[in-house]
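A short write-up of the structure that comes next.
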Amino acid sequence: MSDSKQALCRFDELADPGSLSVSIGTGHWPLRAFVVRRGAQAFAYVNRCPHAGHPLDWLPNRFLNAEESLIQCASHGALFTLESGHCVVGPCAGKSLISIAVQVIAGDVVLLEDPEGLARRFA
């Protein structure tokens, strides 16, 4: 892995299915994001509701509904698919979470974009 790649978390830290809060970039305002797992795949999204712009998590690292089948917004109950972040129910139906390109490499969930540039873009 090149020096510009940031490992967001260890893949085995994620339950299947499961979710984990992560920070991208450095400084006073890193980008708040989260990683979700389904099977052998990991997906990452900016931790921001497309309806109201606030964080999605119920509690730290809690982004999934009770059945752990969908991402759920803590405030409005909107539901998003794990694989695409597309909203299937709620006030932002038809919209999507902002996805972040990641890949599982050598047991790490690795950011495929420049972390500082990504953090600046969504700050």
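The values are calculated or read from the model by the stated rules, or taken from the named source; none is laboratory data. Computed from a predicted structure; not experimentally measured. Every residue, glycine among them, receives a Cβ derived from its backbone with ideal geometry; neighbour counts consider all protein chains shown.
Inside segment 99-110, residues that are within 20 Å of residue 56 (Cβ to Cβ) and either modelled with pLDDT under 95 or in contact with an Asp or Glu (Cβ under 8 Å, 6 or more places away or on another chain) (or both) make up a count of 2. The set of residues from segment 98-109 being β-branched (Val, Ile, Thr) and either surrounded by fewer than 20 Cβ atoms within 10 Å (Cβ to Cβ) or more than 14 Å from the chain's Cα centre (by Cα) (or both) comprises 98, 104, 105. Residues in segment 70-123 that are farther than 19 Å from residue 25 by Cα, among the small types (Gly, Ala, Ser) and either free of Cβ contacts under 8 Å to residues at least 12 places away in the same chain or not in a strand (DSSP E or B) (or both): 74, 75, 77, 78, 84, 85, 90, 93, 94, 106, 107.
For segment 27-38, the criterion of being of a type in the set (Lys, Arg), closer than 15 Å to residue 9 by Cα and under 11 Å from the mean Cα position of the chain (by Cα) is met by at least one residue.
Against the list (1) in contact with a Gly (Cβ under 7 Å, 6 or more places away or on another chain); (2) of a type in the set (A, V, I, L, M, F, W, C); (3) modelled with pLDDT of 95 or more, the condition residue 31 fails is (3). From the list 93, 52, the one residue that fits, being over 17 Å from residue 33 (Cα atoms) and either in contact with a Pro (Cβ under 7 Å, 6 or more places away or on another chain) or not hydroxyl-bearing (Ser, Thr, Tyr) (or both), is 93. Where residues in segment 1-17 are charged (D, E, K, R) and not in a loop (DSSP other than H, G, I, E, B), which of them is farthest from residue 104 (Cα to Cα)? Filtering segment 1-17 for residues that are charged (D, E, K, R) and not in a loop (DSSP other than H, G, I, E, B), the one farthest from residue 104 (Cα to Cα) comes out as 13. Hey, could you check segment 56-91 for residues that are in contact with a strand residue (DSSP E or B) (Cβ under 8 Å, 6 or more places away or on another chain) and of a type in the set (S, T, N, Q) and say which is surrounded by the most Cβ atoms within 10 Å (Cβ to Cβ)? Of everything passing the filter in segment 56-91, 72 is surrounded by the most Cβ atoms within 10 Å (Cβ to Cβ).
Of all residues in segment 18-54, those satisfying the criterion of being buried (at least 17 other Cβ atoms within 10 Å of the Cβ) and part of a loop (DSSP other than H, G, I, E, B) are 25, 47, 48, 49, 50. If you go through segment 99-123 and keep only what is over 21 Å from residue 40 (Cα atoms) and in contact with a Gly (Cβ under 8 Å, 6 or more places away or on another chain), you end up with 115, 116, 118, 119, 120.
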